[in-house]
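> First the structure, then my questions, so here it is.
The values are calculated or read from the model by the stated rules, or taken from the named source; none is laboratory data. Note that the coordinates shown come from a computational prediction; the quantities given were computed from them, not determined experimentally. As a convention, Cβ positions derive from the backbone with ideal geometry for all residues, glycine included, and neighbour counts pool all protein chains shown. Accessible surface areas use protein heavy atoms only, side chains included; no ligands, DNA or RNA. Shrake-Rupley method; radii C 1.70, N 1.55, O 1.52, S 1.80 Å.
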Amino acid sequence: HNFNSSNSMSTDENEKNIDNLNKSLNKNYGKIKVYNKIIAHTNTILLEMAPLKYKEVKKLVEQSLRKHNIILSSKTVQLILEISSGNVFWCQEIANFIMDRGLEEFEAKIDEGVTDDEKIVTNPLQVLVICRLEKLSTEQQVALRHAAIIDLGFSLLLLIAILPPKLAANIDSIMKALVNASFIELSPEDSDIFIFSNANIRQILCYLTPPG
């Protein structure tokens, strides 16, 4: 992948942008830091969650959709279970998609397996990620794709270095939007590092990003 590594912004401007962004984002991540301290405590016991089963998926998704008066058929619940493999994150993502676009569009997108730009997608999760991606601005999409190529976790300074100058100049608003859209989150261990909310999202973005 060849990116424009030139950047007209000075080091001071970069550092100022990063500092301003971190100040605004850190206000929202106090609870995350406390949570991670609890997780790291020697007396904390971590239990690995097994994949959800049919009844658990039905309960989780229906609770999210309750305010929207959306009733799921047994066929739809089974479809969600098969697509998500019982993963809590993807069950919630599917629920969010249905809330945003409706049940009919969800089922249509999965059946079609085709995005708006007529690119064939065989993985239903790719369809959901692409639909979410389409809601972002062009600048936000470009920044997110660049970030995906770096790694699951990436330095904000490195992202700024490989972005086109115009995008780098707007990094503050771009990163806030990507965090608010739940694509990425600020690392609780390092205020200069961001991580993707889900590894599959990053993998799908890499797959969808053409070389060159």
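> Return one whole number: the accessible area per residue of the range 118-177 in Å², for a 1.4 Å probe.
I get 42 Å² per residue for this part.
> Shifting gears a bit: How large is ³J(HN,Hα) for each residue in the range 141-152, as worked out from phi by the Karplus curve 6.51 cos²θ - 1.76 cosθ + 1.60 (θ = phi - 60°), to whole Hz, x for Gly and Pro?
Result, rounded to whole Hz: 5, 4, 5, 5, 5, 4, 5, 5, 6, 5, 4, 5.
> Right, something else. What is the spin-label model distance, in nm, from LEU157 to TYR54 if the labels are put 7 Å beyond Cα along the C-beta direction?
5.4
> Express in nm, to one decimal, how much length is gained between GLU104 and GLU134 on full extension, taking 0.36 nm for each residue of separation and deducting their alpha carbon distance.
9.0 nm
> Also, I was wondering about something else. Give me the percent of accessible area attributable to carbon and sulfur for the range 127-185, probe 1.4 angstrom.
57
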